[in-house]
Structure formats: structure tokens, C-alpha cells
Amino acid sequence: MSLSVRGACRGAALTLAAVVLFAGSAFAQMELKIIAPAAPGGGWDQTARSIQQTLVAEKLVKSAQVINVAGAGGTVGLAQFVTGAKGDGNQLMVNGFVMVGAILMNRSPVSLDLVTPIARLTEETQVMVVPANSPIKTAKDLAEAVKKDVARVTFAGGSAGGVDHIMAALFVGATGGEAAKVNYVPFSGGGESLAAIIGGRVTAGISGYGEYEGQIKAGRLRAIGLSAANRLPGVNVPTFKEQGIDLVLTNWRSVVAAPGISDAQKKALSDLVEKTVKSKAWQQQLKIKGWDNAYLPADQFATFLKSEIVRVGGVLKSLGLVKS
């Protein structure tokens with residue numbers, strides 16, 4: 001190899017190393033804001049704080065701050081994010097299935113078409129619970145109560161139009177009731193809905209299994225059905241399918257960036273999230289929370305998101321929850 005070729009190769013290697021070093025240092029200097037468009041305690045808040053903890057544990061950024069903006073199924077936070085973070089490459093917002101429905105239910109003037117998709121992160125099996133002292137022991141018992149008088153059966157969960165609301169409606173429909181007549185009580189935070197369930201102010205509650213796992217194991221809540229197609233490993237709770245109720249549904253969560261960011265900013269955030277989800281600290285968070293890894297990078301997530309907007313809209317319209 002000639003000296004000139006050897007020198008060129010060495011120069012290329014040094015340039016590549018400099019690019020890698022620059023990318024790493026850029027992350028290390030990033031002061032990231034993570035918007036959780038819900039009150040503390042719920043799934044989006046837990047996701048945001050799990051991202052924060054992972055970023056800090058892996059020393060991927062200089063700092064990571066979680067900001068809660070609750071209201072209207074995340075659409076209040078979405079509106080604030082779209083208008084206040086435009087062009088800011090140092091912000092991410094957590095969202096997911098719930099927001100897709102809430103936008104339609106609340107007739108939000110701000111849609112997900114305005115944000116920059118970055119990644120789908122997780123999927124989570126839903127669980128239906130009742131207070132430990134409830135006379136309802138199984139999903140079949142609850143189905144009988146619905147058949148008797150759907151109006152007297154109240155369900156607590158997250159914001160209107162979200163996965164919890166849709167699951168309540170699908171449960172009523174699967175048991176032969178009118179899904180459009182589901183008596184659903186929405187809460188903006190997991191702590192508020194939990195208090196309503198344990199206090200007996202509602203008949204049943206719906207959320208991700210991980211959110212109620214501690215209360216189930218402590219004996220304060222009784223789990224009567226899982227929305228998975230098959231039982232979860234190590235979880236002694238029957239699925240709805242096992243109990244003769246045709247209901248399978250999973251919740252997904254993701255992160256998006258602000259509108260108006262540059263291609264370079266989008267790539268930096270996408271690379272940062274990819275490093276995050278592939279880290280040991282994130283794998284530990286998934287295990288602790290009981291979430292399934294459902295990572296999709298930016299372009300694949302953007303395609304998935306478009307299809308979900310169409311699918312969820314169709315479900316809500318068929319249930320009479322959204323007008324055509």
C-alpha cells in the first residue's frame with residue numbers, strides 16, 4: 001500500500017472516529033425535556049420517568065427532565081407541545097394508543113400529523129380489576145351484571161377515547177350489551193382511578209397490568225381478566241378468551257418529537273432513543289414494569305401510526321363513540 005493510500009485510509013478512519021465521538025459528546029451535552037401529557041402515576045408518566053432513569057443511568061445525556069401536562073387524554077399536552085416546542089430538538093413527548101382515540105373523542109384541533117414520529121417503545125397487556133371485597137369474582141360475573149343492567153356497571157380508567165375506554169366498550173359489546181351505552185368514568189391519572197376502584201366508587205377498573213400488579217399482589221384488587229391472547233408467563237390471571245369472552249387488546253406507547261425540527265435533529269433524537277431502548281437499564285425497566293418491547297424506529301413507526309389512526313377511528317365509530 002502506498003503512503004498516499006495509507007494516509008487516506010488513516011484520515012478516513014480518524015474522520016469516522018471523530019464523527020462517532022462528536023455524536024457521543026452531542027448526546028452527553030443534551031438537556032432533554034420529556035413531556036408526559038398526563039398526571040403523575042399513569043402509564044405515560046411511568047414511561048417518561050423510565051426513559052429519564054435509563055438516560056441518567058447510561059449517562060446518555062447531560063440531564064433529563066420530566067414535565068407533566070395533564071388533560072383531555074393528552075390533547076392538552078399535545079397542543080402545548082406543538083405550539084411551544086416547535087423546532088426544538090431537545091424535547092420528546094410520550095404518547096400512544098390513548099391519544100389516538102382522545103383526539104377523535106375530544107375533536108381536538110391539534111392532531112398527531114403535526115408531530116415528528118420518533119419510535120414506538122412498548123406494548124402492554126390490559127387487565128380488568130375489581131375491589132378485593134367485590135362480590136364479582138370473575139369476568140363472567142361482570143358479564144352477567146352488564147347483561148342485567150349495563151347502566152349500573154361503572155368502569156374506571158384513563159382518559160375518554162383511550163385504550164381503557166375502548167376496552168370497556170368492547171367488553172360490553174362482547175357480552176351482548178350495547179357498547180355505546182358503556183358507563184365509563186375517565187381519570188387523568190392512575191392514582192385517582194386506583195382510589196376510586198379500591199374505594200368501591202366504581203364497579204371495575206381497567207389499566208395496564210403493570211400499573212395494578214402491586215395492588216393485585218397485595219390483595220387490594222382482584223384481577224378478573226387479561227386482554228392478551230394467551231396467559232402472561234408467571235401471572236395467575238385468566239384471559240377473557242379463556243372465560244368465553246371475545247376480547248383481545250394491547251396498549252402501545254411511543255415518543256414523538258416536536259414539529260419543525262431539522263433532519264439532523266430528528267436523527268439525533270432517533271439515535272438517542274435507539275441507544276436507550278437497547279441499553280441494559282431499559283431492559284431492566286421493561287422487566288420491572290411488565291412491559292413488552294415493541295420498538296419500531298422512526299420511519300416504521302410513522303407508517304404504523306398512520307394505520308392505527310385509521311383503525312382506532314373505525315373502532316370508535318362502530319361503537320358510536322365518535323360520529324362519522
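The values are calculated or read from the model by the stated rules, or taken from the named source; none is laboratory data. Fair warning: this is a prediction, and the values are worked out from it, not measured in the lab. Every residue, glycine as well, gets a Cβ built from its backbone with ideal geometry; the counts of neighbours run over all protein chains shown. Ligands, DNA and RNA are excluded from the accessible area calculation, which covers all protein heavy atoms including side chains. Shrake-Rupley method; radii C 1.70, N 1.55, O 1.52, S 1.80 Å.
Name the shape class, rounded, prolate or oblate, that the alpha-carbon gyration tensor gives for the chain, where a ≥ b ≥ c are the square roots of its eigenvalues, rounded holds for a/c under 1.5, and otherwise prolate holds if a/b is larger than b/c and oblate otherwise. The shape class here is prolate. Applying a threshold of 25 Å to the alpha-carbon distances of LYS181/LYS287; LYS289/LYS323; LYS59/LYS278; LYS148/LYS323; LYS62/LYS278 flags LYS181/LYS287; LYS289/LYS323; LYS148/LYS323 as lying beyond it.
Pairwise Cα distances in region 178-324 exceed 28 Å in 36 percent of cases. Of all aspartates and glutamates in the structure, those lying under 14 Å Cα to Cα from LYS306, and not within fewer than 8 positions of it along the same chain, are ASP113. Centre-to-centre separation between the Cα atoms of region 48-100 and those of region 240-299: 13 Å. When ligands, DNA and RNA are left out and all protein chains stay put, how many square angstrom of accessible area per residue does region 179-305 have with a 1.4 Å probe? Ligands and nucleic acids excluded, the result is 45 Å² per residue. Straight-line reach from LYS275: taking Cα to Cα under 19 Å and skipping same-chain neighbours fewer than 8 places apart, the aspartates and glutamates in range are GLU31, GLU58, GLU123, ASP263, ASP292, ASP299.
What's the FRET efficiency of SER318 with ASP292 using the Cβ-Cβ distance as r and R₀ = 30 Å, to the nearest 0.05? Efficiency computed from Cβ-Cβ geometry: 0.65. Compute the helix-to-body angle for 3-28: its Cα long axis versus the longest principal axis of the chain, expressed 0 to 90° and rounded to tens. Relative to the chain, helix 3-28 is tipped by roughly 40 degrees. Considering only C-alpha atoms, what is the centroid distance from region 111-144 to region 166-238, in Å? Rounded to whole Å, the Cα centres lie 6 Å apart.
Using the alpha carbons alone, the radius of gyration of region 131-251 stands to its Kirkwood radius in an Rg to Rh ratio of 0.91. Quick one: net charge of LEU112's neighbours, Cβ under 14 Å, K/R +1, D/E -1? Summing Lys and Arg as +1 and Asp and Glu as -1 gives +2.
ALA257: net charge of surrounding residues, Cβ under 9 Å, Lys/Arg +1, Asp/Glu -1, itself excluded? Net charge in that neighbourhood comes out at 0.
Atom-type composition of the exposed protein surface of the chain places 55 percent of the accessible area on carbon and sulfur (1.4 angstrom probe). Rounded to the nearest 10 degrees, the angle from helix 263-277 to the longest Cα principal axis of the chain is 60 degrees.
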